[in-house]
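Inspection log for the structure reproduced underneath, given as structure tokens.
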Amino acid sequence: MHLIRRTWAILTAVTLLVLAGATGAHAADNPFERGPDPTESSIEQSRGPYNVSERSISRFSASGFQDGTMYYPSSISDGTFGVVAISPGYTASESTIAWLGPRIASFGFVVVTINTNSRYDQPRQRSTQLLAALDHAINDSVVGPRIAPDRQAVMGHSMGGGGALQAAEDRDEILAAVPLTPWNLKKTWRSVDAATLVIGAQNDTTAPVRSHSIPFYESLTGAERRGYLELRGASHFAPNISNTTIAKYSIAWLKRYVDSDTRYEQFISPGPRVGITTGVSDYRID
């Protein structure tokens, strides 16, 4: 399904570019490409090439989740962008994952970080709230026109990561998912076809990788692509503070599978070296 939709979207975008008189091999070959050619240095920066604006979502305007914040590229000169919704984990607030909002948005995405209706919401509830957050951004009078609604992605920490897996299973328009140290009682995700990068933590005692992240990754047999990255020496709460490894590979994954931007394949395959000095204790891609 994703391949059919992506092919149709690319053909449509190429046609529009041709009709508009667009030139250049990159534009014709990859109409969703946004930003300059990436390098190891540029993708590891705390901010990408786009200046970022933000727009608050109050509890009075939110529908399906408590409240949140939308981060988006200030410029509209490059056209529309993919949209990413991010959920915090169990008992946690939006503030614990807020650092991801402007960082990802600065590389060419609209990002929505949310507070869930209850800090005790389970993954299934968090999944529906992630979907509601995507819908809110798409329908927002200011942010919505900047979004390509068929290019959606989800992320989340802990139970929010488990919710991201569930959301990807439930909605076809989601092209990519990045669960961060995810927790879910459900272990099998064969029906997820979104490209999914699971990021686990080697010393996670809340959602041990052997009973959560690794089984999730191994079950993703229907995904367009699946990856597993394990943070060396890290705890369950590694995603709650700014982390270059998490940001770098999350951005590369989103650019590759939401934007179909093959320039970012260099960071995914062969991917990071596994070793004491790299901060990565395991990496798998297929």
TODO: Give, as ranges by residue number, the residues of segment 100-126 whose backbone N falls under 19 Å from the point 7 Å along Cα→Cβ of SER41.
DONE: 107
Open item on the list: If I build a Gaussian network model for the chain, linking alpha-carbon pairs within less than 10 angstrom, which residue out of SER41, SER211, SER74 has the largest mean-square fluctuation?
Closed with: SER41
Task: Placed amide H near GLY48: partners under 5 Å, 5+ positions off or other chain - done: SER106, PHE107
Open item on the list: So if each residue of separation counts as 0.36 nm, and I subtract the Cα-Cα distance between SER191 and SER235, what length gain in nm does that give?
Closed with: 13.0 nm
Open item on the list: When a/c reaches 1.5 or more, the comparison of a/b and b/c decides; with that in mind, is segment 169-281 rounded, prolate or oblate per its Cα gyration tensor?
Closed with: oblate
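How much length would be gained if the chain were fully extended between THR262 and THR277, taking 0.36 nm per residue of separation minus their Cα-Cα distance, in nm to one decimal?
So the chain would gain 2.6 nm between THR262 and THR277.
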- [ ] Among the aspartates and glutamates, select those whose C-alpha is under 16 Å from the C-alpha of LYS186, and discard any that sit fewer than 8 residues away in the same chain.
- [x] ASP121, GLU169, ASP170, GLU218
Open item on the list: Rounded to whole Å, give me the distance from the Cα center of segment 105-172 to that of segment 239-275.
Closed with: 19
- [ ] Let me know the charge dipole size of the chain about its Cα centre in debye, to the nearest 20, where only the beta-carbon of Lys, Arg (+1) and Asp, Glu (-1) is charged.
- [x] 420
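Computed from the coordinates by the stated procedures, all read-outs in this text should not be read as laboratory data. Since we're looking at a predicted model, the values are computed, not measured. As a convention, Cβ positions derive from the backbone with ideal geometry for all residues, glycine included, and neighbour counts pool all protein chains shown.
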